[in-house]
1. Using θ = phi - 60° and the Karplus form 6.51 cos²θ - 1.76 cosθ + 1.60, what ³J(HN,Hα) does each residue of the range 53-65 get, whole Hz, x for Gly and Pro?
2. Express in Å², to the nearest 10, the accessible area of Tyr109 obtained by rolling a 1.4 Å probe over the protein heavy atoms while all chains stay in place.
3. Can you run phi through the Karplus equation (6.51, -1.76, 1.60; θ = phi - 60°) for the range 128-136 and list ³J(HN,Hα) in whole Hz, with x for Gly and Pro?
4. What number comes out for the charge environment of Phe82, summing +1 per Lys or Arg and -1 per Asp or Glu over other residues with Cβ under 13 Å away?
5. What's the local net charge at Leu69, with K and R +1, D and E -1, over the other residues with C-beta under 15 Å away?
6. How large is the accessible surface of Thr110 in square angstrom, using a 1.4 angstrom probe and rounding to the nearest 10?
7. Count the net charge of all other residues whose Cβ sits under 13 Å from the Cβ of Ile131, scoring Lys and Arg as +1 and Asp and Glu as -1.
Amino acid sequence: MYNCIIAYKSMHHIKVQSLKILIEKINYMTQIRRRDNMAGSTLIILLGSLWFLTFGILILKSKKVQDILQTGSSIKDKEGYFKSNGTFNIVLGVSGLILGAADFFIKKYTLVFVIIFIIMMFSASIIQAQITKKYK
């Protein structure tokens with residue numbers, strides 16, 4: 001009987017240890033999964049940046065887009081206006097992609113990256129207005 005009790009206790013100990021190991025593995029896997037998931041902030045930064053990058057390329061390459069942007073505005077130097085506007089949007093898009101990648105890989109500073117992105121977007125419109133003012 002004494003041997004049965006010892007065997008039961010050792011089996012119970014093995015079950016508890018196995019359960020602890022299983023729980024640790026599950027916790028580890030969920031941490032990895034959480035780290036690999038893309039946060040909403042990262043998605044917004046990347047999508048916004050891709051939009052600026054695409055729009056900048058379209059401004060530089062597409063005559064149709066240039067005609068649409070030119071309609072209703074008084075642009076003196078069309079080529080300079082579209083070149084500066086397109087280049088500025090491409091630079092803004094690439095900067096945002098770098099910021100989005102940093103936000104994806106460095107989760108600890110997500111709030112900082114979001115604030116930088118917001119400041120970058122607000123200041124971009126002011127800077128772009130100043131740059132394109134000389135072409136109008």
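1. My calculation for the range 53-65 gives 4, 5, 5, x, 5, 5, 4, 6, 9, 9, 5, 5, 5 Hz in order.
2. Its heavy atoms expose roughly 110 Å² to the probe.
3. Couplings: 5, 5, 5, 5, 7, 4, 6, 8, 9 Hz.
4. Numbers: positive: Lys61, Lys63, Lys64, Lys76, Lys78, Lys83, Lys136; negative: Asp67, Asp77, Glu79.
Here the count lands on +4.
5. On the way: positive: Lys61, Lys63, Lys64, Lys76, Lys78, Lys83, Lys136; negative: Asp67, Asp77, Glu79.
Net of charged neighbours comes to +4.
6. Approximately 30 Å² for this residue.
7. +3
The values are calculated or read from the model by the stated rules, or taken from the named source; none is laboratory data. Quantities reported herein were computed from a predicted structural model and do not represent experimental measurements. No Cβ is skipped: glycine too gets one built from the backbone with ideal geometry, and neighbour counts run over all protein chains shown. The protein model used for the area step is the full one, side chains on, heavy atoms only, and it has no ligands, DNA or RNA in it. Shrake-Rupley method; radii C 1.70, N 1.55, O 1.52, S 1.80 Å.
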